[in-house]
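The values are calculated or read from the model by the stated rules, or taken from the named source; none is laboratory data. Owing to the predicted nature of the structure, the values given are computational and were not obtained by experimental measurement. Every residue, glycine among them, receives a Cβ derived from its backbone with ideal geometry; neighbour counts consider all protein chains shown.
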Amino acid sequence: MNLFTDFEDRIKNALENLDIVKEKRSELDFGRVNAEPPRDSAHGDVATNAAMVLAKPLGTNPRALADLISEKLREDADISEVSVAGPGFINVRLSRAYWQRLLARMVESGTDFGRSALGDGRKVNVEYVSANPTGPMHVGHCRGAVVGDALANLLAFAGYEVTKEYYINDAGSQIDVLARSVFLRYREALGEAVGDIPAGLYPGDYLVPVGEALKQEFGTKLRGMPEEQWLPIVKDRAIDAMMAMIREDLTALNVTHEVFYSERSLHADGATAIRTAINDLTYKGHVYKGTLPPPKGQLPEDWEDREQVLFRSTEVGDDIDRPLIKSDGSYTYFAADVAYFKDKYDRGFNEMIYVLGADHGGYVKRLEAVARAVSGGSAKLTVLLCQLVKLYRNGEPVKMSKRSGDFVTLRDVVEEVGRDPVRFMMLYRKNSEPLDFDFAKVTEQSKDNPVFYVQYAHARCMSVFRQAREAFPDLDTDSKILSKAVLKDIGDASELQLVAKLAEYPRVIEQAAQAQEPHRLAFYLYDLASAFHAHWNKGKDQPELRFVNDKNRELSIARLGLVYAVASVLKSGLHIVGAEAKEEMR
């Protein structure tokens, strides 16, 4: 249950019952009325802007309207106090009984607390990572992998039907380069001295096993073939080997995809999929033959000073029209992008999210234009750009270079610091902001290390239950028993503050899902962990606040309910992030 949605409805109901509102109801827009946590929790539990946004259309001043609304709200048995602040903001404090009932529902719901029907089962395709299959994943791919995976988990928890997809870029010129690089390693496996890897080929040692595998499969047979015969064979083996490596890297990071979509499939059967997509755009009036002026700066690969088949993308929001078919009749890379989007749309997705690196910023408008043209404006396409990750070790930069082969792989990072620190820290900044990742700091056992602090909070919750079983060996910690106990024995101000922080979780889930910003969840988990640790520390100085009191069984059971709720929300949030909720930490 979303507390703030609940009270937004109650506030609107109070408004409906005001005479001043009844007279002008048809002229009022309640859409701007909201209920949210106050900036300062000392002011109350819920704040609303109702008087501020409705005073003008009602022909009154906000303060006077706030007083009228407050009178109505005071009739609500779940509200213990209403106050008006500043020019007309209304602050509401909730009753102890309300908090107890809400906590009981949290306990009953367990890790499903916060789960939302916001998405209403709408189908969403989240495409992320989609690294070229030319080598192991490096740390530059890591952030997009985590952001995309966590966002997909978040959307699923918020009620969307989500498909996680990886687009395999296996049809470009880089695949020819990969195959030639692998063939060189094959010759090396046969005993040839290949010397330094020529410029333009991939030099990484990760290709050595692929060359060895070709030797085992074909012996010297490929060596005697002309390139046009061995190239497609080596391409297939190289792509399979690279994708197996990439899948292993993703598994190490706890990143999963339901669909791996091959770009080469779009070029199969005479590129039927691409031709069909272009015909569809032509039928809708978005394609013409013409020439393009030379773009400013460096010329792109697909620019020609000749008549081409062009997508009239400027009419659907792009900066320039885009070539689809070159003057020689071959399809551009962009034509494959059009066909790929159409395939997603034809699969029933009305919402598509692309998680790309910051270097793909130029793709945003063209992809949005494709979505408008193909779907007639019915599909929603969002591109999330992930800024660079800078690696440090004790404050000193760690250098990486993908082209030289001397780069930091994703697996290197995961094996050194662990999967959970990588995932959590990749979400501890908004994806559009640069992120500094220090190997030393993410393994610290301190409050300054967010993932440790959050996991430690869950481990502490589990330790409370172990203490309780030692104090009361026959204790039954079934959630139904705990939910009943909290209805009467949870009431200390410090405990209720912790319940209030827990109550924010459904709102965080919905807002993070709507904004497509999974970093909000990471921030919330840290705040919840901080609130729990603070309450724990109060128990050191005030024994009466401790969760387990071996002299008071009933109170201990009630407080175990509170701990159960904290642990459930931490576990739920960590699962969405893709990290483990630790039972113990040493």
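Data for the structure
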quantity	calculated
Conditions (1) more than 30 Å from G144 (Cβ to Cβ); (2) surrounded by fewer than 16 Cβ atoms within 10 Å (Cβ to Cβ); (3) modelled with pLDDT under 95; number of the one not met by R466	(3)
Pair list, Cβ under 8 Å, 6 or more apart: the range 158-178 residue more than 30 Å from R115 (Cα to Cα), other residue among the basic types (K, R)	I168/R264; D170/R264; A171/R264; I175/K235; D176/K235; L178/K235
Count - residues of the range 85-106 that are in contact (Cβ under 8 Å) with a residue 24 or more places away in the chain and over 26 Å from I481 (Cα atoms)	8
Residues of the range 271-303 that turn out to be among the charged types (D, E, K, R) and buried (at least 17 other Cβ atoms within 10 Å of the Cβ), as a count	2
Residues satisfying the stated conditions in the range 469-510, i.e. within 28 Å of the chain's Cα centre (by Cα) and part of a loop (DSSP other than H, G, I, E, B)	E504
Options V107, V46, V82; residue that is over 28 Å from the mean Cα position of the chain (by Cα) and not assigned by TED's automatic domain parsing to the domain that holds K571	V82
Residue among D196, D170, D176 that is under 30 Å from E351 (Cβ atoms) and more than 17 Å from the chain's Cα centre (by Cα)	D170
Residue list for the range 258-271, restricted to those being hydrophobic (A, V, I, L, M, F, W, C), in a helix (DSSP H, G or I) and at negative phi	L266, A268
Residue match in the range 214-226 (condition: on the phi > 0 side of the Ramachandran plot, at pLDDT 95 or above and not assigned by TED's automatic domain parsing to the domain that holds L324)	yes
Number of positions in the range 200-257 that are among the hydrophobic types (A, V, I, L, M, F, W, C), outside any helix (DSSP H, G or I) and without any contact (Cβ under 8 Å) to a residue 60 or more places away in the chain	2
Test result for K72, exposed (fewer than 14 other Cβ atoms within 10 Å of the Cβ) and over 24 Å from E504 (Cα atoms)	no
Qualifying residue in the range 292-305 (condition: assigned to a loop (DSSP other than H, G, I, E, B), modelled with pLDDT of 90 or more, closer than 19 Å to L367 by Cβ and of a type outside the set (K, R))	no
Among residues of the range 511-557, those that are within 30 Å of D476 (Cβ to Cβ) and either not polar (S, T, N, Q) or not in a helix (DSSP H, G or I) (or both), counted	27
